[in-house]
Amino acid sequence: MRGNPAFIYISIIVGLVLQIIPMPAQADLYRPDWLLLILCYWAMALPNRVSVGVAGVTGVILDLLYGTALGVHSFALAVPIFIVATNYQRMRNQSILQLAITIGILSFIYHLIIYWLQFWLTSIEFRFIYLWPSVTSVLLWPWLFWLLRRFRRRFKVA
Amino acid sequence: MNEVFPRGFSLLTRFIIVLIFSVAAMFVDTKVESVSTLRAYLTSLVSPLQYIADMPGAVLSWSASRFTSRQQLLEDNEALTERITLMSAQLQRFRILEEENKKLRRLLDAPIKQEVRKMIAELMAVDNNPYSHQIVINKGAIDGVFEGQSVLDESGIVGQVMEVGTTNSRVLLISDVTHAIPSRISRNNVTVIVSGLGQLNELALEHVPHSTDIKVGDILISSGLGNVFVEGYPVAEVSEIIRDESQPFAQVSVKPLAKLDRIKYLLLLWPEEINEAAENNGLNQSTNNSDEINDVSGENQNER
């Protein structure tokens with residue numbers, strides 16, 4: 001079955017824009033990890049299309065957009081995506097609630113890696129508010145999952 | 001075909017390749033200076049994404065400017081005219097003072113200070129790394145922006161250019177934890193270093209002995225030491241001094257004069273050497289076109 005992979009790349013580009021779109025300072029702390037969620041969905045649904053390689057490249061683009069040292073986000077995205085890519089069959093069978101918890105843990109790992117790498121490069125102080133995005137990501141996940149699955153079926157992405 | 005790595009590598013191998021690549025990239029990016037041109041090139045490649053992210057804000061401000069009422073415009077116009085009149089009166093006095101200063105400097109055989117070339121830049125509404133204080137502005141290499149350039153707003157120094165792309169560049173604010181700016185107290189020329197704390201409304205002075213002559217309300221101006229910042233622009237104002245003798249140094253907290261939390265329009269400065277070079281090439285100082293600079297210098301080289 002040959003499908004159309006263009007939608008995968010469009011969704012990743014949309015994710016990148018959502019990561020850098022300006023938000024009011026109060027809401028900025030709660031910005032969900034759009035890119036991580038989108039990559040997780042595709043790594044779970046189409047592991048042969050999207051995996052650690054795509055995560056690495058998108059991570060570098062995010063580094064360029066954020067002005068962080070190159071490689072910080074590619075490292076941080078590659079680890080959770082590797083976990084998804086090795087366990088995608090198990091994750092497909094999880095209920096929506098279980099999956100949301102799994103995503104929360106993955107997002108937690110992602111933020112912890114970014115924090116560690118940033119700490120190593122430019123010593124920053126840890127604050128628990130840095131972990132708020134994990135919570136919003138969990139809340140966002142069911143809706144994003146539903147949306148992306150609809151698009152995948154509608155446009156026969158494979 | 002659509003995979004970044006060819007089939008055949010196992011998932012684990014690919015994962016390890018990505019990790020090694022990331023760590024190598026981080027190391028090279030932070031420790032090796034010469035890759036900044038590569039980075040600038042890559043940044044220019046991804047800048048369309050920044051323009052897309054900037055679009056909603058740009059559309060909003062565009063429509064806001066379209067739909068301002070006539071009354072509002074008239075009021076603005078009046079206020080601005082008033083301000084211009086006041087400022088030009090002040091400027092006239094400055095001109096006389098400048099002439100006088102030049103004459104006095106000539107008498108002393110001191111080098112005459114050149115006027116600095118300036119350009120207005122605008123903030124691009126894109127979000128950045130939350131762990132660092134950076135902004136993106138809409139001027140880049142094609143406008144002659146260079147790395148380390150001083151960036152100001154109407155009341156003081158904002159920061160320095162950190163990365164130059166083709167059409168936009170990234171500015172590191174003076175409030176970033178990794179940033180420090182050599183300054184002096186305008187009252188008595190005591191040199192200090194103003195470093196960022198990661199807070200927009202507070203900066204710190206480090207290693208200030210208890211005996212230093214410094215008071216609350218002192219204005220700190222850039223000293224130009226270190227050859228990064230242009231000399232003589234206001235940086236911060238001293239807001240609090242705690243002289244606790246049990247501590248090795250006095251604790252001084254200062255407030256940045258630039259409004260770092262409400263940046264919209266910024267001023268880019270070209271320091272004197274570049275300016276002089278441009279002047280030697282017979283270039284009008286007010287020209288903002290970098291292409292012209294290149295053309296003129298090219299012609300001069302040909303003549304030689």
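Nothing in this text is a laboratory measurement; each read-out follows from the coordinates by a stated rule. Computed from a prediction, not measured in an experiment: that's the story for all the values here. So basically every Cβ, Gly included, is an ideal-geometry build from the backbone, and we count neighbours across all protein chains shown.
Provide B:Ser175, B:Ser253, B:Ser183 in ascending order of the number of other Cβ atoms located within 10 Å of each residue's Cβ, fewest first.
So the ranking, lowest neighbour count to highest, is B:Ser253, B:Ser175, B:Ser183.
Could you state the angle between the C-alpha long axis of helix A:96-121 and the longest principal axis of the C-alpha atoms of chain A, as a value from 0 to 90 degrees rounded to the nearest 10?
Between helix and principal axis, roughly 40 degrees.
Cross-link partners among lysines for B:Lys215, C-alpha distance below 20 Å, same-chain residues fewer than 8 apart left out?
B:Lys255
When you look at the Cβ of every residue in B:40-46, what mean number of other chain Cβ atoms sits within 10 Å?
Shielding by partners across B:40-46 averages 3.
Relative to the Cα centre, what is the charge dipole magnitude of the protein assembly as shown, using +1 at the beta carbon of each Lys and Arg, -1 at the beta carbon of each Asp and Glu, and rounding to the nearest 20 debye?
2560 debye
Compute the angle between helix A:72-86 and the longest alpha-carbon principal axis of chain A, please, reported from 0 to 90 degrees and rounded to the nearest 10.
40 degrees
Amide H of B:Gly232 versus every other amide H placed in the peptide plane: which residues, excluding those fewer than 5 positions away on the same chain, fall under 5 Å?
Distant-sequence amide H within range of B:Gly232: B:Ser222, B:Ser223, B:Gly224.
Roughly speaking, what is the centre-to-centre gap between the range A:1-64 and the range A:91-158 when only Cα atoms are used, to the nearest Å?
A separation of 11 Å, based on Cα centres.
Ordered by packing density, taken as the mean number of other Cβ atoms within 10 Å over each peptide's residues, highest first, how do A:62-68, B:40-46 rank?
Taking the mean over residues of other Cβ atoms within 10 Å, the ranking is A:62-68, B:40-46.
Put +1 on the Cβ of every Lys and Arg and -1 on every Asp and Glu Cβ in the protein assembly as shown; which of B:Gln134, B:Ser222, A:Cys40 then has its Cα farthest towards the positive end of the dipole?
Value: A:Cys40.
Taking the Cβ of each residue in B:Tyr131, B:Tyr51 as the centre, tally the other Cβ atoms inside 10 Å and list the residues starting with the fewest.
Lowest count first: B:Tyr51, B:Tyr131.
Please list A:8-18, A:47-57 highest first by mean number of surrounding beta-carbon atoms within 10 Å per residue.
A:47-57, A:8-18
What's the ranking of B:200-210, B:66-76, A:87-97 by average number of surrounding C-beta atoms within 10 Å, highest first?
Most protected by this proxy first, the peptides run B:200-210, A:87-97, B:66-76.
Note down, for the range A:1-99, the three equivalent ellipsoid semi-axes (square root of 5 times each alpha carbon gyration tensor eigenvalue), biggest first, whole angstrom.
23, 16, 14
Expressed in nm to one decimal, what extension gain is obtained for the pair B:Tyr265 and B:Ser65 from 0.36 nm per residue of sequence separation less their Cα-Cα distance?
70.4 nm
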